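These notes are about the structure you will find just below.
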Amino acid sequence: MWLTKKIGAKDTAAVSAGTVSSSGSTLTVQGEAECRTTETVFPYGYQANTPAGEHSAMLGNACLGVKGEIDRQLLPGEIMLRSKGGATILLLNDGEVIVNGQRFIKRN
């Protein structure tokens, strides 16, 4: 995996913490130094525009992700996507999908 090789390389920068100070077409993160034109690493198919104020993990000039909290209501293996405006999508282990409170039941 690219990230594993990158982290294991001798010339690799250390992982550091920072706070997103602006976003939009260019993400700016303030950590030990300010990083502009920062790349963000996502799983394939994901896209997001990180809002200012989020705490992030940085590897060199790449944002690896933002700090989140474990939702204690989710079971292991379940996923919740949430926007800053409050929209949510829940993917439950039984195949059920909940979009903004509306349930969609998996039918065989």
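Read-outs throughout are calculated quantities, based only on the coordinates presented, and are distinct from any laboratory measurement. On a predicted model such as this, the values are computed, not experimentally measured, just so you know. Cβ sites come from the backbone with ideal geometry, for glycine too, and all protein chains shown count toward neighbours.
Quote the convex hull volume per residue of the stretch 68-108, based on C-alpha atoms, as a whole number of Å³. Spell out each step's value before the answer.
On the way: hull volume 2.9 nm³, N = 41.
With only Cα atoms used, the stretch 68-108 gives 70 Å³ per residue.
List the pair-distance distribution P(r) of the chain, using every Cα-Cα distance, as the percent of pairs falling in each 5 Å bin from 0 up to the bin containing the longest distance, rounded to whole percents.
2, 10, 17, 18, 17, 14, 10, 7, 4, 1, 0
Report, in debye and to the nearest 20, how large the dipole of the chain comes out about its Cα centre when Lys and Arg carry +1 and Asp and Glu carry -1 on their Cβ. Write out the running numbers ahead of the final one.
Numbers: 11 positive and 10 negative charges, 51 e Å.
With Lys and Arg at +1 and Asp and Glu at -1, about 240 debye.
Say the dipole of the chain comes from +1 at the beta carbon of Lys and Arg and -1 at that of Asp and Glu; which of GLY53, ASN100, LEU27 then lies farthest toward its positive end?
ASN100
Under a crude label model (7 Å from the Cα following the beta-carbon direction), how far is ASP94 from ALA48 in nanometres?
Once both label points are built, they end up 2.8 nm from each other.
Please list, by residue number, everything in the stretch 42-62 whose backbone N is under 18 Å from a paramagnetic label point 7 Å out along Cα→Cβ of LYS84.
47-57
Sorted by packing (mean other beta-carbon atoms within 10 Å per residue), highest first, where do 59-71, 40-52 land? The partial results should precede the final answer.
Numbers: 59-71: 13.2, 40-52: 10.7.
In decreasing order of mean packing, 59-71, 40-52 become 59-71, 40-52.
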